[in-house]
1. Looking only at region 137-152, which residues are aliphatic (A, V, I, L, M) and near the ligand (Cβ under 9 Å from one of its atoms)?
2. State which residue is nearest to the chain's Cα centre (by Cα) when the search covers only region 1-17 and only residues that are exposed (fewer than 15 other Cβ atoms within 10 Å of the Cβ) and away from the ligand (no atom under 16 Å from the Cβ).
3. Kindly indicate whether any position in region 133-147 is touching a Lys or Arg at 6+ places or on another chain (Cβ under 9 Å), part of a strand (DSSP E or B) and open to solvent by 30 Å² or more (accessible area, probe 1.4 Å).
4. For region 32-79, give me each residue that is more than 16 Å from the ligand (Cβ to nearest atom), in a loop (DSSP other than H, G, I, E, B) and either within 17 Å of Leu135 (Cα to Cα) or without any contact (Cβ under 8 Å) to a residue 60 or more places away in the chain (or both).
5. Find the residue count for region 109-147, including only residues that are in contact with a Phe, Trp or Tyr (Cβ under 7 Å, 6 or more places away or on another chain) and closer than 26 Å to Glu26 by Cα.
6. Within region 166-200, track down each residue that is assigned to a loop (DSSP other than H, G, I, E, B) and within 25 Å of Ser146 (Cα to Cα).
7. Considering only residues that are within 17 Å of Arg121 (Cβ to Cβ) and small (Gly, Ala, Ser), look in region 156-177 and name the one that is farthest from the ligand (Cβ to nearest atom).
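The values are calculated or read from the model by the stated rules, or taken from the named source; none is laboratory data. Just so you know, these numbers come straight off a predicted model, no measurement behind them. Positions of Cβ are backbone-derived with ideal geometry, glycine not excepted, and every protein chain shown enters the neighbour counts. Only protein heavy atoms, including side chains, enter the accessible area calculation; ligands, DNA and RNA are left aside. Shrake-Rupley method; radii C 1.70, N 1.55, O 1.52, S 1.80 Å.
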Amino acid sequence: MHIDEAIRSRRAIKGYDAGFTLSREEKNELLQLALLAPTAFNLQHVRLVEVSDPALRQQIREVGWGQAQMTDAAMLVVVCAQLDSWEKNVSRVWDGAPVEVRQFMAGAIDNYYRDKPQVQRDETMRSCGLVAQTLMLAARGKGLDSCPMDGFDFDAVAKLINLPDNHVIGLMVAVGKKAIEAKPRIGKLPFDEVVIRDRF
Ligand SMILES: Cc1cc2nc3c(=O)[nH]c(=O)nc-3n(C[C@H](O)[C@H](O)[C@H](O)COP(=O)(O)O)c2cc1C
């Protein structure tokens, strides 16, 4: 599928064929594609919790507004991120670069994030969004459907997946085969209102 068509035909699908499954290999391929999304300073903040345990899926649904996508889609991914990746993973993600590059990046990263909790959190949310969208487009490219979700109790889901203290949840993404068509796109704001030339 051409990328334009994948973008145009991706819709937030709410109803899934619960009998449709994806193999571990198929899921891994989608997750690997998603993880090719860009991250600031190559920090790779995102952690993908792929929830395949049906009982856990049910518990997530119970704290997720009862949304059927959470149990019925072939794959459910909680897109999380490590808040202190900027401090913990610098040497690993720049491993292999020339020493002067590594030193420069270490300084730049430290300067960008240290003592700036808002920046640290904002960055994880950017990364989660980009990974989630990449996952959804990768899925669409394979003829699959998806739904991004933040309609759930974040604290309750964090408990259910044993989210470590230094991690946050960005959103969830369900991927599967649609059983219910999306309604026609509605209420699109005018292009000229949402595209600003040069300055607001
Ligand atoms: C951050 C985010 C959270 C969302 N949460 C939910 C959700 O909890 N449940 C749901 O059915 N759709 C959810 N959506 C999907 C939106 O409702 C949907 O993307 C929007 O209505 C536009 O429709 P489209 O994606 O089909 O173009 C969410 C979308 C985003 C980006």
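1. Matches in region 137-152: Met149 only.
2. So the residue we want is Ile3.
3. No, region 133-147 contains no residue that is touching a Lys or Arg at 6+ places or on another chain (Cβ under 9 Å), part of a strand (DSSP E or B) and open to solvent by 30 Å² or more (accessible area, probe 1.4 Å).
4. Once the filter is applied, which keeps residues that are more than 16 Å from the ligand (Cβ to nearest atom), in a loop (DSSP other than H, G, I, E, B) and either within 17 Å of Leu135 (Cα to Cα) or without any contact (Cβ under 8 Å) to a residue 60 or more places away in the chain (or both), region 32-79 yields Leu35, Leu36, Pro38, Thr39, Gln44, His45, Ser52, Asp53, Ala74.
5. Selection size over region 109-147: 0.
6. Correct list: Lys177, Ala179, Ile180, Glu181, Ala182, Lys183, Pro184, Arg185, Ile186, Gly187, Lys188, Leu189.
7. It comes out as Ala158.
Table: residues versus (1) free of Cβ contacts under 8 Å to residues at least 60 places away in the same chain; (2) surrounded by fewer than 17 Cβ atoms within 10 Å (Cβ to Cβ); (3) outside any loop (DSSP other than H, G, I, E, B).
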| site | (1), (2), (3) |
| --- | --- |
| Ala81 | no, no, yes |
| Glu87 | yes, yes, yes |
| Asp95 | yes, yes, no |
| Ala106 | yes, yes, yes |
| Asn111 | yes, yes, yes |
| Asp115 | yes, yes, no |
| Gln118 | yes, yes, yes |
| Thr124 | no, no, yes |
| Ser127 | no, no, yes |
